[in-house]
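The structure appears right after this line, and notes come after that.
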Amino acid sequence: MELFDLRPLDLAIMIGYAVLIIAYGLYHSKRKSSEDYFLGGRSMTWPIVGIALFAANISSSTLVGLAGDAYKTNIHVYNYEWFAVVVLIFFSIFFLPFYLKSGVYTMPEFLEKRYDRKSRYYFSFITVVGNILVDTAAGLYVGNIILKLIFPEIDSTVIIVVLAVAAAIYTIPGGLNSVVQTEVIQAILLIIGSCLLTYYAFDELQGGWSSMMSGLDTMLENGEVRNVNDMIEAGHPVPETASEAFSMVRPSGDEFMPWWGLLTGVPLLGFYFWANNQFMVQRVLGAKDLNHGRWGALFAGLLKLPVIFIMIVPGVLALLLYNDLDISGLNYVTGGEVCTNLADCPNLTYPVLLGQLLPTGVLGLVVAGLLAAMMSSVSATFNSASTLVTMDFVRTLKPDMTSKGLVRAGQITTLILVILASMWVPFIEKVSDSLFTYLQLIISYIAPPAVATFVIGLFWKRATSQGSIACFITGFVVTIVLLLNKVFVFSQPLAEVHFLAMTVYLFIACVLVHVLVSLNTPAPDAKQIENFIYKSSMFTEESAELKSLPWYKNYRILAILLLLLTAVVVGMFI
């Protein structure tokens, strides 16, 4: 079958958009100093910060992953989206003030100020590896899926290289400002494209929400959902009705997100992603002041709430509309076999929706936006990773290097990362057949020691540098064991532990190691850590400052309103 019936108008729109977005990124480049290049001159206002955070999170890889899991009736994947609101509020209250006041460029740099240089080097290395394995490679993977379906005659390696180079064209010369400015455009286009796709999908169904729910009820009752049959064979609880499938609270034996995982593992993954990950935090570090950083973070949380309606629901509609669609003609191979339907390749759900539903012109614009969002996400990870390497390694090794030299080092680093990320893309499907599961799985290994170190360091003045590095080393050793077991399965019970449970177990182990080592080593210098420990008096002082602001500028009031709105939205699916 020919999935993408691209007309000359669609191709013209795609080419024109690509040229314009690259030109726009170059136009907004800032590279007069290292601060301009890596943090956009610390001049970003709250709407830019919020949209940039949202765009970096809801990238093309997340968009494809959400639709794919929704097709498999894992609709409670939305828990990752709405829980970001809670995490961002916690981040805004406690961590962001310390990040901005310290004037750091990177999260590892903050760890050095709180602990020591060893913690900085370790976390910087792990973050760079995570950026390559998760954000950059996943973005290139999605771009390869889309373009391979459009141009099947082109080799995947060529597609990946072209996409990586295209993303690097404006990242290397322009830095963070180029990345953020293009992200704003991508975010707007992604939202518009998602709304259009949802509209056309409901139109194809010839009914609204009630038709979708009744259709899903029928499919579940008749056992026509392939994923449900697989879950039955595996002995996992399965949704029996559409309302149950849409419920955000799942039984304890659910294979994707049991209720206990929502309360334990999801907060840990979310905290790492939004509060410790250089890829995300770098956008907030570029805010013009603390208030704009906080407002931007809350705005990003607000933008996450409609995701279930415009990015997850289309995956459910694909299940109703194209469950029996023959896609063998695409010759798309996964696991060594050609996909014959979407149940074999859920990662194709979003591309199938695009090709089957969108009319000429709109298809070209949305596909262009999807690919551009991929490039934007990839360029963002290139920039954040190059910032880490340059500021945490190069500047330390060569402290006398000029600002211009640091920028040049960042550009060279970006080029190297382009090559490494491109080489990893083919391995993604070997880890998991679900892109979203792959993303969460990798983060579940990286997050626990980082979260333990940051949280303990901020709230416990007795935490020592020895405890920090012991915590990181513990996480590293356990992660290596878990990854080897995933590949070679030398312990079946260990391999069967849910990844959210593994996240919690690893976090507890890291906390215990950190605390025990800290208690058995000399306490840190009180003056050295004074500006990096949260004190209750800070809340009182801040309350006095906020009294002079109108309510719509008081981030606490805005946070409460956002939580209430979140409760309303989530309450619709309990």
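Numerical summary
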{"read-out": "Criterion: closer than 18 Å to L96 by Cβ and free of Cβ contacts under 8 Å to residues at least 40 places away in the same chain - qualifying residue of E530, E541", "value": "E541"}
{"read-out": "Helices (runs of 4 or more DSSP H) lying entirely in the stretch 347-444 (those with 1 or more residues that are closer than 30 Å to L111 by Cα, out of contact with any Pro (no Cβ under 6 Å at 6 or more places or on another chain) and at pLDDT 75 or above)", "value": "362-389, 403-424"}
{"read-out": "Filter result for D116 (out of contact with any Pro (no Cβ under 8 Å at 6 or more places or on another chain) and modelled with pLDDT of 75 or more)", "value": "yes"}
{"read-out": "Boolean, T340 is outside any helix (DSSP H, G or I), over 24 Å from the mean Cα position of the chain (by Cα), surrounded by fewer than 17 Cβ atoms within 10 Å (Cβ to Cβ) and without any contact (Cβ under 8 Å) to a residue 60 or more places away in the chain", "value": "yes"}
{"read-out": "Candidates T479, T503, T464, filtered to the one that is surrounded by 13 or more Cβ atoms within 10 Å (Cβ to Cβ), without any contact (Cβ under 8 Å) to a residue 60 or more places away in the chain, in contact with a Phe, Trp or Tyr (Cβ under 9 Å, 6 or more places away or on another chain) and not hydrophobic (A, V, I, L, M, F, W, C)", "value": "T479"}
{"read-out": "Residue count for the stretch 545-574, restricted to those that are over 21 Å from L298 (Cα atoms) and exposed (fewer than 14 other Cβ atoms within 10 Å of the Cβ)", "value": "2"}
{"read-out": "Residue match in the stretch 202-219 (condition: surrounded by 23 or more Cβ atoms within 10 Å (Cβ to Cβ), modelled with pLDDT of 90 or more and not in a loop (DSSP other than H, G, I, E, B))", "value": "yes"}
{"read-out": "Residue in the stretch 542-560 that is among the acidic types (D, E) and in a loop (DSSP other than H, G, I, E, B) present", "value": "no"}
{"read-out": "Checklist (1) over 21 Å from C345 (Cβ atoms); (2) among the aliphatic types (A, V, I, L, M); (3) at pLDDT 75 or above applied to A164, failing item", "value": "(3)"}
{"read-out": "Unique match (being closer than 20 Å to L458 by Cα and within 28 Å of the chain's Cα centre (by Cα)) among V477, V511, V570", "value": "V511"}
{"read-out": "Test for A84: is it touching a strand residue (DSSP E or B) at 6+ places or on another chain (Cβ under 9 Å), small (G, A, S) and either in contact (Cβ under 8 Å) with a residue 24 or more places away in the chain or within 27 Å of M248 (Cβ to Cβ) (or both)", "value": "no"}
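Per-residue answers, yes or no, for (1) more than 29 Å from L263 (Cα to Cα); (2) out of contact with any Gly (no Cβ under 9 Å at 6 or more places or on another chain); (3) part of a helix (DSSP H, G or I):
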| residue | (1), (2), (3) |
| --- | --- |
| T62 | no, yes, yes |
| I93 | no, yes, yes |
| Y105 | yes, yes, no |
| K118 | yes, yes, yes |
| V129 | no, yes, yes |
| V134 | no, yes, yes |
| A138 | no, no, yes |
| N144 | yes, yes, yes |
| K148 | yes, yes, yes |
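For (1) touching a Pro at 6+ places or on another chain (Cβ under 8 Å); (2) under 20 Å from G265 (Cβ atoms); (3) at pLDDT 90 or above, each residue gets a yes or a no:
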residue: F454; (1), (2), (3): no, yes, yes
residue: S468; (1), (2), (3): no, no, yes
residue: C471; (1), (2), (3): yes, yes, yes
residue: T479; (1), (2), (3): no, yes, no
residue: C510; (1), (2), (3): yes, yes, yes
residue: V513; (1), (2), (3): no, yes, yes
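The values are calculated or read from the model by the stated rules, or taken from the named source; none is laboratory data. Note that this is a predicted model, so its numbers are computed, not measured. Positions of Cβ are backbone-derived with ideal geometry, glycine not excepted, and every protein chain shown enters the neighbour counts.
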